[in-house]
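Derivation of every value follows stated rules applied to the coordinates shown; laboratory data play no part. Given the structure is predicted, the values throughout are model-derived calculations rather than measurements. Here the Cβ is made from the backbone with ideal geometry for all residues, glycine too, and neighbour counts use every protein chain on show.
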Amino acid sequence: MALQFTTTASTSAKSEAERAAVLAAPGFGKHFTDHMAVIDWTVEDGWHDARIQPYGPFSVDPASAVLHYGQEIFEGLKAYRREDGSVWTFRPDQNAARMQRSAQRLALPQLPTEDFVESLRQLVGIDEAWVPTGGEDSLYLRPFMIANEVFLGVRAAQTVLYSVIASPAGPYFPAGVKPVSIWLSREYARAGKGGTGAAKCGGNYAASLLPTQEAFANGCAQVLFLDESGDANLEELGGMNVVLVKADGTLVTPKSESILDGITRNSLLEMARDLGHAVEHRTVTLAEWRDGVASGEIVEAFACGTAAVITPIGAIKAKDAADAFGDADAPAGPVTLALRAALTDLQYGRADDPHGWMTQL
Ligand code: PLP
Ligand code: COI
């Protein structure tokens with residue numbers, strides 16, 4: 001049976017003027033709305049006590065399992081305001097299903113899709129005024145789940161907390177749609193065979209931080225990971241999937257069991273097929289990309305994800321000069337820009353929704 005939410009409204013909500021100041025330049029992940037959704041789970045009672053409560057710190061016992069063993073998963077999706085004022089989100093059932101898969105891998109309980117979607121609806125309902133209007137800003141929604149049991153033994157926790165927080169968001173990359181440079185990590189991997197690469201769990205991101213520091217130090221926006229095979233097969237970026245565009249319009253994207261199954265990427269590939277592009281979802285080597293750029297066979301590349309939307313990739317930089325290629329100053333390509341426009345037109349309700357991907361909140 002679907003959970004019923006109770007609501008405790010915040011008594012210290014931001015004023016209209018404070019909110020307007022945030023919405024004028026939200027940045028990414030810096031500001032949070034007045035409320036959050038919370039649902040508890042215990043092995044005895046299952047999911048219970050679904051509620052909307054004022055945004056604020058949790059009280060977490062120092063022995064809570066999440067602080068020691070990283071038993072944590074999360075999701076990311078956005079709420080978009082249309083010109084008529086209504087607020088919609090994109091394929092929330094897909095995020096719910098992926099969170100269930102992540103939960104399975106991290107030995108956490110699975111939250112039913114209807115309760116996941118209802119938690120978004122309840123939070124966006126009470127904090128609707130925080131959904132930006134106009135432009136390509138949105139309200140980023142961050143559902144997450146932590147092992148909250150006070151116990152230092154190493155086993156799946158029997159007490160878990162699910163929550164959703166919301167953050168007004170502008171572009172993830174401050175330069176917007178300008179191409180970014182990407183740092184190739186040969187030294188560090190984020191995931192391996194049988195590991196947690198396909199799950200959206202905090203540990204994968206923790207593993208990406210050191211190479212990401214290296215990327216930033218070298219003027220790059222993200223790090224590119226290869227698989228463990230030694231064949232330099234492409235995996236993904238620290239927080240985005242990668243798609244290459246061939247001169248004949250074919251889209252090529254890596255297939256791997258240790259990368260996140262991106263909802264943006266899956267949707268773009270489907271939209272591209274609808275537009276007549278061929279799509280290849282298969283193993284892709286770094287050499288194929290590099291040689292394809294040199295020969296003119298590969299003419300565009302982009303990163304895609306909820307936060308990044310579609311961001312063109314200009315150049316690959318690397319410790320070893322032989323690994324570096326591309327042009328950091330090249331303008332965004334036409335296929336990248338056309339797909340970006342098609343996706344954002346759909347998300348902001350400016351285009352038809354033939355697949356029924358949009359859900360009103
Ligand atoms: N890969 C990683 C590692 C990510 O963090 C993300 C972002 O969520 C993606 C890919 C893209 O996934 P999605 O399009 O579902 O946001
Ligand atoms: C997202 O796109 O939702 C992510 O979780 C990736 C991260 C770079 C914010």
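Cut-off is 10 Å between beta-carbons; in what order do 304, 201 appear when sorted fewest neighbours first? Don't skip to the end; give the middle numbers.
Details: 304 28, 201 22.
Final ranking by Cβ density, sparse to dense: 201, 304.
Hey, got a sec? Which GluC sites (Glu not before Pro) in segment 72-128 land in a DSSP loop and have at most 15 other Cβ atoms within 10 Å?
On the way: sites: 72, 75, 83, 114, 118, 128; in loops: 75, 83.
Those that pass, being in a loop and sparsely packed, are 83.
For a footprinting-style exposure proxy, rank 141, 209, 106 by other Cβ within 10 Å, fewest first. Numbers along the way, then the final one.
Values: 141 26, 209 13, 106 22.
Least to most surrounded, the residues fall as 209, 106, 141.
What ranking of 140, 55 emerges when the number of other C-beta atoms within 10 Å of each C-beta is taken as an exposure proxy, fewest first? Don't skip to the answer; put the middle values down first.
Values: 140 22, 55 19.
Ordered from fewest to most neighbouring Cβ atoms within 10 Å, 140, 55 come out as 55, 140.
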